[in-house]
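Note sheet for the following structure.
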Amino acid sequence: MEAAAREAGALTRQHFGRSVKAWSKGAAGPVTEIDLAVDTLLKQRLMGARPDYGWLSEETEDAQARLFRARVWIVDPIDGTQAFLQGVPQYTISIGLVENGRAIAGAIYNPMTDEMYLGGEGLAAAVNGRPIRASARSELEGARLIGQPSTFKPKRWARPWPRLEVEQRHSIAYRLALIAAGNFDAALMLGFKNEWDVAGGAAIVAAAGGIVTETSGAPLAFNRADHRVAGVVAAGAALYPSIIERVQGLPHPKDWGPKGWDHGRGEA
């Protein structure tokens with residue numbers, strides 16, 4: 001995984017900050033010719049090494065055959081395509097390996113900062129070979145969170161959140177990597193996400209002693225026919241209970257109204 005992620009990252013660096021062909025996938029956001037090139041490269045390297053595994057990628061047409069494979073590569077060739085297009089160094093190459101629905105290994109690479117996050121079952125979490133650990137913080141007041149700042153507006157919640165330091169990052173995989181490294185205490189991502197956004201990061205956070213679930217508190221399950229995940233909470237083990245008890249009662253994303261889970265109460 002590491003070698004494939006680094007090779008893919010090197011390919012993106014050649015085009016970072018330059019004009020590339022891009023088009024819209026509608027609600028799924030932009031895609032570029034480099035996304036597709038990286039997808040091809042990763043599939044060649046990963047499936048070439050393990051041809052008996054299944055494959056799920058944001059940029060490959062889904063094949064139901066993966067549902068019958070015990071082990072599956074779940075890949076986002078460029079997670080944070082918008083950042084890549086805008087010249088913001090917050091996109092990543094995300095590779096996850098799942099076995100029977102469970103994330104067992106991950107590699108997340110930020111090519112522009114040369115940060116390689118690795119971790120999984122039997123593989124200690126590390127960035128560039130340095131061991132990492134999720135935050136040990138237990139107090140929610142003053143915690144550093146990754147999320148959309150508007151999510152935490154008091155009028156959106158029957159029980160307002162305490163004072164928090166909230167920042168955002170473009171790539172979902174990068175957010176999870178930063179939780180694994182203890183750079184932030186937790187991340188909250190409401191609404192449907194995709195397995196390729198989360199699989200690699202989920203394995204790394206778990207290896208770093210953190211917890212990642214859906215916002216309902218349900219464990220993450222991968223390689224499903226519906227590749228969507230119903231929101232994500234990621235945190236150090238000590239802080240996770242204080243966050244999940246606040247969000248697990250939110251409506252399931254399939255039941256959201258046209259203005260979101262709070263019917264637009266958070267709009268300016």
Open item on the list: Being touching an Asp or Glu at 6+ places or on another chain (Cβ under 6 Å), outside the structural domain of Asn183 (by TED's automatic domain parsing) and buried (at least 22 other Cβ atoms within 10 Å of the Cβ) narrows it down to one residue among Ile93, Ile74, Ile34, Ile104; which is it?
Closed with: Ile74
- [ ] Confirm whether Ala202 is touching a Leu at 6+ places or on another chain (Cβ under 6 Å), closer than 22 Å to Arg144 by Cα and in contact (Cβ under 8 Å) with a residue 12 or more places away in the chain.
- [x] yes
- [ ] Please work out if Ala143 is in contact with a helix residue (DSSP H, G or I) (Cβ under 7 Å, 6 or more places away or on another chain) and either of a type in the set (A, V, I, L, M) or over 25 Å from Val166 (Cβ atoms) (or both).
- [x] no
Open item on the list: Tally up the residues in region 145-164 that are crowded, with 17+ Cβ neighbours inside 10 Å and not hydrophobic (A, V, I, L, M, F, W, C), please.
Closed with: 3
Open item on the list: Going residue by residue through region 167-177, is there one that turns out to be within 30 Å of Gly54 (Cβ to Cβ), of a type in the set (Lys, Arg) and either without any contact (Cβ under 8 Å) to a residue 40 or more places away in the chain or assigned by TED's automatic domain parsing to the domain that holds Leu239 (or both)?
Closed with: yes
Task: Lone qualifier among Ala186, Ala237, Ala202, Ala225 - being surrounded by fewer than 17 Cβ atoms within 10 Å (Cβ to Cβ) and closer than 18 Å to Arg133 by Cβ - done: Ala237
Open item on the list: Suppose we filter region 105-134 for residues that are touching a residue at least 40 places away in the same chain (Cβ under 8 Å) and assigned to a strand (DSSP E or B); how many remain?
Closed with: 16
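The values are calculated or read from the model by the stated rules, or taken from the named source; none is laboratory data. What you are looking at is a predicted structure, and each value in this text was computed from that prediction instead of being measured. Glycine gets a Cβ as well: all are built from the backbone with ideal geometry, and neighbour counts include every protein chain shown.
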